[in-house]
1. Peptides 3-12, 37-46: what's the order by average Cβ count within 10 Å, highest mean first?
2. Could you name the aspartates and glutamates in cross-link range of LYS141, using Cα to Cα under 16 Å and dropping any fewer than eight places away on the same chain?
3. Binned at 5 Å from 0, what are the whole-percent values of the Cα-Cα distance distribution for segment 75-178, short to long?
4. Set the Förster distance to 25 Å, then compute FRET efficiency between THR89 and LYS23 from the Cβ-Cβ distance, nearest 0.05.
5. Against the empirical 2.2 N^0.38 Å scaling, what ratio does the C-alpha Rg of segment 1-156 come to?
6. Could you sort out which of LYS23/LYS171; LYS140/LYS167; LYS9/LYS144 sit more than 25 Å apart by Cα distance in this structure?
7. Please report the antiparallel percentage of the DSSP beta bridges confined to the chain, to the nearest 5.
8. With +1 on each Lys and Arg Cβ and -1 on each Asp and Glu Cβ, how big is the dipole of segment 1-151 about its Cα centre, in debye rounded to the nearest 20?
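The values are calculated or read from the model by the stated rules, or taken from the named source; none is laboratory data. Because the structure is predicted, anything quoted here is derived from the model rather than measured. A quick note on method: Cβ atoms are made from the backbone with ideal geometry, for glycine too, and the neighbour counts reach across all protein chains shown. To get the accessible areas, we keep the full protein, side chains included, count just its heavy atoms, and leave off ligands, DNA and RNA. Shrake-Rupley method; radii C 1.70, N 1.55, O 1.52, S 1.80 Å.
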Amino acid sequence: YICANCFAKISFVTSYFCAACGKGSIDGLTHPKCRTPQGIDGIISAIEYKGIVKRLIYQFKYEPYLSDLKKSLGRLLYEGIIQNEAFNTVLEEGKEVWITCVPLSKKRERRRGYNQSDLLGKELGEYLHVPYGSHLLIRKKETKPQFELKREERFKNMKGAFELNTKYKEKIKGKAVL
């Protein structure tokens, strides 16, 4: 799906931000003063969302629904995150890592025929040789598509939309979840 000329135009992310306050951050880690017990430890962005990558993701998520893009996008995602020092530190610490996906609404999954983050999660798990758990999170409520919303509305839209599946609470305790 990606010719050599297009591949050369892909940029890996080199600057990161704190998940809580949005200000610059080393390797995408949440600032110590921004951390909360149930908060996210950090966000790793792998690839710049522009040009060919933006078009590939669009075709993966919308018509013509090219599910086979999971291979190309999974590889790009892998190549991007292994360049992140904080992520590599987690792997080197010997901490067990699990990968999960964001549950898609039943309606959108039926229309598309697959959950794109589920497919990417499985691909990434294979590249990293780590367990993949598709049901770690449960969708509690239906939400509007994020692309229709402004930044502030996106946060409100997602608030309370997901929760940890209690079946996995003890299994993932002390583990890094991606």
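1. Descending packing order for the listed peptides: 37-46, 3-12.
2. GLU109, GLU153, GLU163
3. P(r) for segment 75-178, in whole percents per bin: 2, 11, 17, 20, 19, 17, 10, 2, 0.
4. Working from the Cβ atoms, E equals 0.70.
5. Computed over Cα atoms of segment 1-156, the ratio equals 1.08.
6. Distance filter (> 25 Å) returns LYS23/LYS171; LYS9/LYS144.
7. Of all bridge pairs located within the chain, approximately 70 percent are antiparallel.
8. Approximately 1020 debye in magnitude.
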